[in-house]
Amino acid sequence: MKTDTQQDRLRDIIKIYIAPAMKEAGFKKKGNWFNREGEANTDFLNIVSSRWNTNQDVNFTLEAYVMPNGKQPIRDTPIARKRIGHLRGEQDKWYNLTSKVDAEVLGQEITQDISEYVMPFFDSLKKVSRRQVYDILENLESRGR
C-alpha cells in the first residue's frame, strides 16, 4: 500500500478493509457512509474525519446510526447513535494515521471493531418494530430532542 499522503492511506484502508467488511454484511457505500436497509430501520456507519487533519496526520472515528427507514442521519433524529469508543465502553476513540502507523494493522483493528462492536449494536436494534421506532421518535420529540 504505497501512497503519498495519510489521506490517501485512509482511502486505501477504507477500500481494502472497511468496504469489504461492510459489503459482506449487506451494506452499500456512498462516500464515507455505509448503509443497510432492514424491515423497519436503516443502519448507517459513517467514517468521520477530524477537521484538523493534514496530509501527514489523519484522525478519524466511526459513528453508527440506526434510523427509521426513509430517514437520514444528520438531518433527522436517529433511534440510536453511537461512536466506536462508546460502543467499546471507552471514551471517544479516534484512530490516528501517520507515516509511522502500519496501515494493515490499523485496518485489521478497525474491521475487528466493526465486527465486535458495531455489528452487535446494529443487531441489537434490528428487531425493533416500525411501531416501536415511531414510539421512540415521538418520545424523543416530545422531550424536545
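Since every read-out is calculated from the coordinates, none of them should be taken as a lab result. On a predicted model such as this, the values are computed, not experimentally measured, just so you know. Heads up, the Cβs are rebuilt from the backbone with ideal geometry, glycines too, and the neighbour counts pull from every protein chain shown.
Placing a label point 7 Å from the Cα of Thr54 along the Cα-to-Cβ direction, the residues of region 69-111 with a backbone N closer than 14 Å are 97-100. Ignoring lysines fewer than eight residues from Lys15 along the same chain, the ones with Cα atoms less than 27 angstrom from its Cα are Lys2, Lys23, Lys28, Lys29, Lys30, Lys71, Lys82, Lys93, Lys100, Lys126.
Charge dipole (Cα centre; +1 on Lys/Arg Cβ, -1 on Asp/Glu Cβ; no other charges) of the chain amounts to roughly 420 debye.
A crude spin-label estimate for the pair Arg11 and His86, with each label 7 Å from Cα along the Cβ direction, gives 3.1 nm.
Considering all alpha-carbon pairs of the chain, what whole percent are spaced by more than 24 angstrom? Please list the in-between numbers first.
Details: 3555 of 10440 pairs.
Result: 34 percent of Cα pairs exceed 24 Å.
Each of the peptides 31-40, 89-98 was scored by the mean count of other Cβ atoms within 10 Å over its residues; in descending order, highest first, they stand as 31-40, 89-98.
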